[in-house]
Structure formats: C-alpha cells, structure tokens
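Where a number appears in this text, it was derived from the coordinates with a stated rule and is not lab data. Computed from a predicted model, the values in this text were never measured in an experiment. Cβ placement follows ideal geometry from the backbone for every residue including glycine, while neighbour counts extend to all protein chains displayed.
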C-alpha cells in the first residue's frame, strides 16, 4: 500500500509534457486566416439596436388643444365642393346685387335733381317777392313824398277818408301800403318754407349742391 501511494504521488507531481514550442512574449502573434468568421454581436448590442428601431418607427405624439376637440352632439360638417351650377348661381346673385345697387344710385341721383329744381323754384319765388316789395316800397315812398306838403294827407288814415275829395288819392296810398305789408308776410313764410325744404333734403343724404344750389 505504501509503495502504491508513493507511485501515485510521483505521477501526479510530474508536469505535463508540452506538445509544441510555446511562442515567447517577444514574438508577434501569427495573423488569423483570411477565411475566419466575423465576430457575432453580443445580445446586449442586438437589444439596443432593436429598441432604437422601435422608437424611430413610433409616430410623433400630437398635442391636442381645446379647439381640436369637437362636441360629439355637433360633429363638424364637411365642406361641400362647389359644383359648376353653384358657381353660376352665385355669380348670378352677385350680378343681380350689383345691378340693384346701380339702380339705387341712379334713383338717388334722379331724386336729387328733383330736389335741386324744387329749391331753385323756391329761391326764385323769394327773389320775386323781394323785388316786388322793393318796388312797392318805392311807389309808396313816391306817393308819400308827392303829398307830404298836404296838411290834410292824414285824412287817409282817419274817418275823413270817405270824403270824395280824398278818396282817390287815399285809395292809392292805402293799397300800396297794404300790398307792401302782405308781401312782407309772404316773404317770411316762403323763407321758412325754403329752410324746412333744405333741411329735409340734407337729412336724406344730399350735399349742398342739391339743397343749396346757386
């Protein structure tokens, strides 16, 4: 038994024999053969690449704002594409509107000419009255001057007027005075009428060329 154990111990302690000469540290490593297989990527690299591809394939996140939300009870109505018939109808309506506006302008201008003529007629009437008043005043002044030396001229404004001696002469003076006063009253009325007419025309949108022509 002692001999066997010694023999086994001796066998285990002997170093294994080298099958070849080991290269030294100073010798360069021999190059790999040209047909050597490429090194496969590790499992960690493969997982990182797959995660990157997954992130890139995901569409960008859209931020939804208040105006993007629609009430389910009132869904947006899709806009209809106009057809040629719709375009023709719209064009016809536009033309009709333009024509109506043009006719309104023509009617406005025609009525303006009517107003302008009315003002001119009224102004002419006032001018005629003023001329008549001037003429009556001159005649009455001449009548008064011609008989200014007559002490009995005051009889025209008294009860003596009915005396035949004074009647003809007094009638002329009294008539001139009455006409003059009546023309003065009418002139005041016609001026007020003109002012009212001009104000009414101005309120209807016409300029001074219509309500106050030369």
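Points to keep in mind about this one:
- Label-to-label distance, residue 118 versus residue 184, with points set 7 angstrom from Cα along the beta-carbon direction: 3.1 nm.
- Size of segment 104-206 from its Cα atoms: along the principal axes, largest to smallest, the extents are 70, 21, 16 Å.
- Calculated FRET value between residue 103 and residue 204, using beta carbons and R₀ = 25 Å, to 0.05: 0.90
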